[in-house]
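The structure appears right after this line, and notes come after that.
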Amino acid sequence: MSAHTPCHMIKDLLPLYLDDLVSKESAAKIEQHLKSCSDCHEYYEHMKSELLEEQAQKQTETQREINYLKKIKQHTTKKLILGTVLTLSACILAFAVKLFIIGSPADTYHTTYLNVDKDTIQVGGTLAGSAQTFSHYKLKETKNGSELIIYTCLPSPWNKSSVFHLELPKNKIQGTLSINKMTVKEDGTIISAMANQLFQNKHPYIGDATANARLSQCLGIGNELGNFTNELQTETTPYGWTLYFENSTNNSAIFDEKMKGFSCIILALIDNLGEVSWEYTLELAEGPVTRTKTMTEADCTAYLGFPVKDFSKSPEDVQELLDILKRQCGLSFRSFE
């Protein structure tokens with residue numbers, strides 16, 4: 001570049017000079033020219049001012065974008081944290097409500113009373129275990145009607161009692177109502193849990209030892225009268241079942257009366273059974289003696305006043321049999337409850 005470079009060429013090179021895109025020699029020539037040419041120097045200062053302003057404006061816009069992105073990030077982070085906290089709080093609240101308010105269906109509970117009034121079914125009970133309290137109840141629809149479901153929860157200031165007393169409107173119940181293995185019929189008849197369980201253990205053949213064991217366990221014969229062994233007579237009719245009791249007793253009247261009741265139930269619920277015998281040891285002053293008794297189907301029919309086999313047709317019939325044995329024979333032991 002000559003020492004007499006025209007101004008218009010210097011002005012054309014100034015943008016490159018400002019961006020530091022010219023060679024050292026050219027830069028020196030341009031600087032020398034600017035020192036001697038006031039017009040080009042003024043043009044240079046103006047251009048330089050605009051460039052600096054433009055750079056400052058770009059930097060400001062860039063900083064604004066950075067600040068905006070930071071705000072968005074902070075806002076998103078806050079929303080994420082808040083959402084996480086709210087979700088965790090909702091889970092904790094739902095878990096607490098489930099444990100302390102809603103609860104879950106009770107596995108077992110004891111029914112203390114069951115009454116059928118004109119418009120209501122009154123039922124009360126207690127829950128098993130001190131860690132359970134009554135929460136609420138639901139009526140669950142079943143194939144034949146409804147089932148009472150009792151819900152329990154953990155103890156809390158608003159749920160403290162393990163005892164419940166309910167009045168269920170009869171007009172809200174269609175069909176039968178099942179309550180803790182008991183059944184309330186539409187006409188108000190109550191079928192006890194024992195009657196339902198006994199009917200479920202009805203079977204046709206005395207030769208089925210497993211079914212016999214289930215029936216005797218349901219009745220609680222061993223709990224009432226002690227351990228026993230069995231002998232089945234299945235070769236000729238009448239088919240028989242003999243119970244040999246291991247424990248002795250000093251009151252044969254009570255022992256025999258209970259076994260008469262058990263015999264009636266067993267003969268009713270085993271179709272081809274014709275007689276029940278039992279043997280036990282009676283403690284007398286002069287020493288122990290062995291007693292053997294037998295109840296035939298005819299004996300049970302005479303004892304009850306009705307054909308004994310007729311009591312096996314339905315749970316209602318079994319309940320009637322239990323009621324007769326309580327009322328007529330004075331039987332009130334736990335197995336019939």
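Summary of values
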quantity: In the stretch 295-314, residue nearest to the chain's Cα centre (by Cα) [restricted to those that are part of a helix (DSSP H, G or I) and among the β-branched types (Val, Ile, Thr)]; calculated: 308
quantity: Residues being closer than 28 Å to residue 312 by Cβ and outside any loop (DSSP other than H, G, I, E, B) - total across the stretch 156-191; calculated: 9
quantity: Top-ranked residue of the stretch 124-154 - restricted to ones that are more than 19 Å from residue 182 (Cβ to Cβ) and among the aliphatic types (A, V, I, L, M), ranked as surrounded by the fewest Cβ atoms within 10 Å (Cβ to Cβ); calculated: 131
quantity: Residues located in the stretch 95-123, provided they are free of Cβ contacts under 8 Å to residues at least 40 places away in the same chain and open to solvent by less than 40 Å² (accessible area, probe 1.4 Å); calculated: 96
quantity: Test: residue in the stretch 169-177 that is of a type in the set (S, T, N, Q) and touching a helix residue (DSSP H, G or I) at 6+ places or on another chain (Cβ under 8 Å); calculated: no
quantity: Single unsatisfied condition, residue 249 versus (1) closer than 22 Å to residue 206 by Cβ; (2) in contact with a helix residue (DSSP H, G or I) (Cβ under 8 Å, 6 or more places away or on another chain); (3) surrounded by 13 or more Cβ atoms within 10 Å (Cβ to Cβ); (4) not hydrophobic (A, V, I, L, M, F, W, C); calculated: (1)
quantity: Number of positions in the stretch 181-208 that are hydrophobic (A, V, I, L, M, F, W, C) and closer than 13 Å to residue 266 by Cα; calculated: 4
quantity: Check on residue 157, open to solvent by 30 Å² or more (accessible area, probe 1.4 Å), more than 23 Å from residue 186 (Cα to Cα), of a type outside the set (S, T, N, Q) and over 22 Å from the mean Cα position of the chain (by Cα); calculated: yes
quantity: Within the stretch 1-23, tally of residues that are closer than 24 Å to residue 55 by Cα and part of a helix (DSSP H, G or I); calculated: 9
quantity: Set 281, 301, 242: member being of a type outside the set (A, V, I, L, M, F, W, C), at pLDDT 95 or above and more than 24 Å from residue 322 (Cα to Cα); calculated: 281
quantity: Neighbours by Cβ (under 7 Å, 6+ apart or cross-chain): first from the stretch 13-29, within 18 Å of residue 41 (Cβ to Cβ); second among the aliphatic types (A, V, I, L, M) and open to solvent by 60 Å² or more (accessible area, probe 1.4 Å); calculated: 22/16; 26/1; 29/1
quantity: Test: residue 283 is of a type in the set (Asp, Glu), surrounded by fewer than 16 Cβ atoms within 10 Å (Cβ to Cβ), in a strand (DSSP E or B) and within 44 Å of the chain's Cα centre (by Cα); calculated: no
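The values are calculated or read from the model by the stated rules, or taken from the named source; none is laboratory data. Because the structure is a prediction, the values reported are computed rather than measured. So basically every Cβ, Gly included, is an ideal-geometry build from the backbone, and we count neighbours across all protein chains shown. Only protein heavy atoms, including side chains, enter the accessible area calculation; ligands, DNA and RNA are left aside. Shrake-Rupley method; radii C 1.70, N 1.55, O 1.52, S 1.80 Å.
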